[in-house]
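Visitor: Below are the structure tokens for one structure; questions will follow.
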Amino acid sequence: MILVFLGPPGAGKGTQAKMLSEELGFKHISTGDMLREAVKNATPLGLKAKEYMDRGDLVPDDIVIAMVEQVVLKEKKVILDGFPRTIAQATSLDSMLKKHGREVSKVILFEIDDEVIVDRLTGRRICPNCGAVYHLKFSPPKEDQICDICGTKLIQRQDDTEEVIRRRLEVYRRQTAELIDFYKRQNKLISLDAQKSIEELYKDLKKAVEDEY
Ligand code: AP5
Ligand code: ZN
């Protein structure tokens with residue numbers, strides 16, 4: 001089963017992908033996480049990707065497609081979080097899977113208003129050590145600014161400033177939103193109300209996924 005999580009920045013894709021993969025044994029493939037790891041380790045790919053990410057622009061398709069190809073075919077149960085993000089990425093994913101007799105099973109669309117997004121992203125804090133994600137208001141750590149899991153001081157993502165968030169939203173609308181129709185035409189789209197609480201949204205997501213089994 002291959003699930004695609006589609007939706008604007010801050011809609012909660014990563015949060016839900018982590019919960020679902022822990023409970024139902026999916027491999028969580030987040031292109032954003034993979035790219036941030038490459039930037040952190042200053043690999044050639046990371047050095048190339050950094051300038052795009054800091055601006056809130058998409059990293060070029062060929063880089064991201066090659067990165068996903070290496071991992072997706074090895075897995076049976078996959079959540080693709082933040083990929084595909086352009087029609088070129090989606091068609092290349094389809095043809096790569098087709099060669100191996102596979103296809104995207106369902107696409108979960110996380111629907112949410114812009115103002116809620118800005119609130120979610122400006123309040124997000126992440127653990128630079130273990131990758132855990134918190135929110136100052138909606139999902140705070142037990143101890144102020146400290147990761148519950150590993151005790152490291154939390155940081156803000158570099159692209160979570162209001163200016164870059166607005167840019168990411170614009171890029172989503174211009175380059176990614178057309179995937180909604182692309183997957184509607186394939187009859188694969190399931191829309192969820194991502195403005196609900198983390199727990200309520202998770203219930204809706206699980207129901208949608210379990211209906212597919
Ligand atoms: P990426 O890391 O994919 O960022 P994104 O799509 O902007 O998504 P986010 O991680 O910001 O949001 P999310 O939906 O996962 O929300 P989260 O669960 O964290 O991409 C970053 C950059 O990498 C891109 O700009 C681009 O440059 C590059 N890139 C990545 N993939 C690419 C690709 N395929 N092609 C080209 N370039 C690519 O939640 C957000 C916050 O809200 C958290 O604090 C969380 O605790 C809180 N929260 C979550 N759910 C709820 C809820 N239901 N109620 C209240 N609070 C909630
Ligand atoms: Zn941690």
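Visitor: Filter region 71-130 for residues that are part of a helix (DSSP H, G or I) and hydroxyl-bearing (Ser, Thr, Tyr); which is nearest to ligand 2 (Cβ to nearest atom)?
Guide: Here the residue is THR122.
Visitor: Something else now. Considering region 73-93 alone, what residues qualify as being of a type outside the set (Gly, Ala, Ser), out of contact with any strand residue (DSSP E or B) (no Cβ under 6 Å at 6 or more places or on another chain) and crowded, with 16+ Cβ neighbours inside 10 Å?
Guide: Across region 73-93, the qualifying residues are PHE83, PRO84, ARG85, THR86, GLN89, LEU93.
Visitor: Continuing with the same structure: Filter region 185-205 for residues that are assigned to a loop (DSSP other than H, G, I, E, B) and within 19 Å of VAL116 (Cβ to Cβ) and give the result.
Guide: ALA194, GLN195, LYS196, SER197
Visitor: If a residue must be among the β-branched types (Val, Ile, Thr) and either touching a Ser or Thr at 6+ places or on another chain (Cβ under 6 Å) or within 16 Å of ligand 2 (Cβ to nearest atom) (or both), how many such residues does region 1-55 contain?
Guide: Within region 1-55, residues that are among the β-branched types (Val, Ile, Thr) and either touching a Ser or Thr at 6+ places or on another chain (Cβ under 6 Å) or within 16 Å of ligand 2 (Cβ to nearest atom) (or both) number 2.
Visitor: Out of LYS142, LYS137, I need the residue that is more than 21 Å from ARG36 (Cα to Cα), more than 16 Å from ligand 2 (Cβ to nearest atom) and assigned to a loop (DSSP other than H, G, I, E, B). Which one?
Guide: LYS137
Visitor: Taking region 119-154 as the search range and keeping residues that are among the aliphatic types (A, V, I, L, M) and more than 11 Å from ligand 1 (Cβ to nearest atom), which one is farthest from LEU73 (Cα to Cα)?
Guide: ILE146
Visitor: Same structure, new question: Just for region 1-44: of the residues that are of a type in the set (A, V, I, L, M) and not in a helix (DSSP H, G or I), which one is farthest from VAL71 (Cα to Cα)?
Guide: Among those that are of a type in the set (A, V, I, L, M) and not in a helix (DSSP H, G or I), it is ALA11.
Visitor: Just the residues that are under 16 Å from ARG55 (Cβ atoms) and out of contact with any Ser or Thr (no Cβ under 8 Å at 6 or more places or on another chain), please, taken from region 174-192.
Guide: Of everything in region 174-192, just one residue is under 16 Å from ARG55 (Cβ atoms) and out of contact with any Ser or Thr (no Cβ under 8 Å at 6 or more places or on another chain), namely ARG174.
Visitor: Can you tell me which of LYS207, LYS196 is away from ligand 1 (no atom under 11 Å from the Cβ) and without any contact (Cβ under 8 Å) to a residue 24 or more places away in the chain?
Guide: LYS207
Just so you know, all these numbers are worked out from the coordinates, no wet-lab data involved. Since this is a predicted model, take the numbers as computed values, not measurements. Note: ideal-geometry Cβ built from the backbone for every residue, glycine included; neighbour counts use all protein chains shown.
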